[in-house]
Structure formats: C-alpha cells, structure tokens
Amino acid sequence: MNAVWKASEAQDAPAPREPKIEREVHKLEKRLCRQVGQAIIDFNMIEEGDRVMVCVSGGKDSYGLLDILLKLQKRAPIHFEIIAVNLDQKQPGFPAHILPEYLAKLGIEYHIETQDTYSIVKKVVPEGKTMCSLCSRLRRGILYRVADELKISKIALGHHRDDMLATFFLNMFFGGKLKGMPPKLVSDDGGHIVIRPLANVAEKDLVRWAAQRQFPIIPCSLCGSQENLQRQRIGQMLRDWEKQYPGRTETLFTSLQNVVPSHLMDASHYDFKNIKITGQADVDGDKVFDDEAFPLPGVAGVQVVQL
Ligand code: SF4
C-alpha cells in the first residue's frame, strides 16, 4: 500500500528516445515525488479523510509543495483533500492577483486571507528593529484561525531539508540547543497538526523544479526586513561545506535521524546516574580510549583515525 505514495515506474517510465533534458526533468519529478511520499509514510503525515491546508506564500518552496502534493493525491492509496491558503499581509507591492489567478487555473479549492499585519507591525515595532517575531506571531494566529474555519486537519508547510538543517545549526549556535525543525508537530496553540512534507527534499531540487514549472514567484523581500541574515549565513556555510566536502549535507541530514542520547550530555534524555555494568560485550559499544574511525572523504573503505 505504501508503495503507491511513491512514483510509479509504469506511469513514470521515460519514453525510449527522450532527449537528455526531458529525462533529467523526469528524474527530478520522480525524486521529488518519492522523497515527499517517503516523508508522508515515515511520519504518518497524511491520513484517510484529512483536509490538508497547504500554506502558499508565492515562494518556490510552497509552490513546489502544492504541486507535488497534487501529483501524489492522484495516486495515493487514501483519499484526502487539499486546500491552498495564502495570507495577504498587505506588504507594499504585494501582487495580490498572482496567487488567486494561479490557484483558480489549477481548479483546486483555495482561500485567500487578507489581513493587514504589515501596518500593525510597522506601527508597533520601532524603526530599525526586526519585525519578524511579531509578524510571524500574527501570521501564525491568523493561519490557525483560518484552519479552524476551513475545518482543516493538517497544516502543511513548505520547509525543506536545508531549512531543517539551518534551523538545527541556528539553535546550536545561538540557542545552545540540539534542536531542529520537526517534520510533524503539534502547533504551539496545541490545536493543530503541522506537517512538513518536503522534509527530505533538497533546496536545489526545488529551485530547479520551480524553474521547470515556471511558477509565478512572488519576491519574499517585500517587507524589507533583515530577518533572515543569520539564517542566510548558515545557509551559505552549509553550501560552502557541500562544495568542499561533497555529500556533507546528506550526512548531516542523516545524523538528525540517528540520535544517540547515551553519547550526548543531556541527563534528562539518558539516565547517566544509574548506569550499571552489564557484563555483556557489545561490538557497537563505546571503545572508551579510542577515537571513532570515519571513512576518508572520497576514498571508499579507507578509515581515518585521529591520533
Ligand atoms: S521577513 Fe518580513 S514577512 Fe517575513 S516574518 Fe519577517 S517581517 Fe514578516
């Protein structure tokens, strides 16, 4: 049953003499569908009868999310509804016609919520101070209310793998916490399930998909806030690492799914105080005096041991 969430070989098999570029696009589509389908399965994101509210901002990520979910909806083993929702915050220059036109053309259920949070934030936050915390708090409250009014059971957001990694490092560097961005959670008001079906998807694939699908992108800097400066720096750090050590992003992302509380220092997650001798040898156990061995980048099978 789960397999139906993934790209179907028969349905998606490329034509025999497809030009290279089309094959690449086809591969990209298959990968996106497979990765989103896998996240949905792994975290039980969407269930029978769900009404999924897809928050669409006009950025490449939320367009991509909506697009891939609509594709998966057609082949999913369960029935669920998709409702696209956009919040028009009345930022100066926001082209309010673009999303309704796009969504109407898709022929799907959608809702545009217009709330002038921009004026409120401008009025309340002193000039030069960051507006984002109040802005996003207001946005959250509005979206939760809209979700209730539309009888939504899941709220889907367009955060992807690289957002999740950046959040992990932001929390570590600035918050002193090992804390990322969960693929599925209960909202801060306790009343909604929020899902991130793009959790496994690389940002560069969403960039390529947006170009391929020619989404009518709305620029995200209309509010003029400097909010994401630190996030941008972390993003650059991750891209630089990836350039220098290809595959590092994937390894980092895998590490978020392989947590070993006994080898960290949070006593609330591991009962260090009451550790007892087991008398049993464990091949995977800690080697105590020896450092871990890691594969040498780019040289399969070679191990590096730090002395
Ligand atoms: S960047 Fe602008 S729109 Fe986004 S949260 Fe900050 S103030 Fe709001």
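The values are calculated or read from the model by the stated rules, or taken from the named source; none is laboratory data. Everything numeric in this text was worked out from a predicted model, so none of it was measured. Cβ sites come from the backbone with ideal geometry, for glycine too, and all protein chains shown count toward neighbours.
I'm trying to understand the selection: among the residues of region 76-104, which are more than 16 Å from the ligand (Cβ to nearest atom), under 15 Å from GLY58 (Cα atoms) and not aliphatic (A, V, I, L, M)? If the condition is that a residue be more than 16 Å from the ligand (Cβ to nearest atom), under 15 Å from GLY58 (Cα atoms) and not aliphatic (A, V, I, L, M), then HIS97, PRO100, GLU101, TYR102 are the ones that fit.
Tallying residues that are among the small types (Gly, Ala, Ser) and not in a helix (DSSP H, G or I) within region 19-65 yields 4.
I'm trying to understand the selection: among the residues of region 221-258, which are within 16 Å of the ligand (Cβ to nearest atom), outside any helix (DSSP H, G or I) and surrounded by 14 or more Cβ atoms within 10 Å (Cβ to Cβ)? The answer is LEU222, CYS223, SER225, GLU227, ASN228.
Does PHE215 fit the bill of being outside any helix (DSSP H, G or I), away from the ligand (no atom under 16 Å from the Cβ), at negative phi and surrounded by 12 or more Cβ atoms within 10 Å (Cβ to Cβ)? When the stated conditions are applied, PHE215 passes them.
Please find, within region 66-89, the residue that is farthest from ASN44 (Cα to Cα) out of those that are part of a strand (DSSP E or B) and not polar (S, T, N, Q). Here the answer is ASP88. Restricted to region 90-209, the set of helices (runs of 4 or more DSSP H) holding at least 2 residues that are under 30 Å from GLU29 (Cβ atoms) comprises 98-106, 132-149, 161-175. With respect to the stated conditions, GLY37 fails to be within 16 Å of the ligand (Cβ to nearest atom) and surrounded by 15 or more Cβ atoms within 10 Å (Cβ to Cβ). Put simply, of ASP50, ASP61 the only residue that is modelled with pLDDT of 95 or more and more than 21 Å from LYS151 (Cβ to Cβ) is ASP61.
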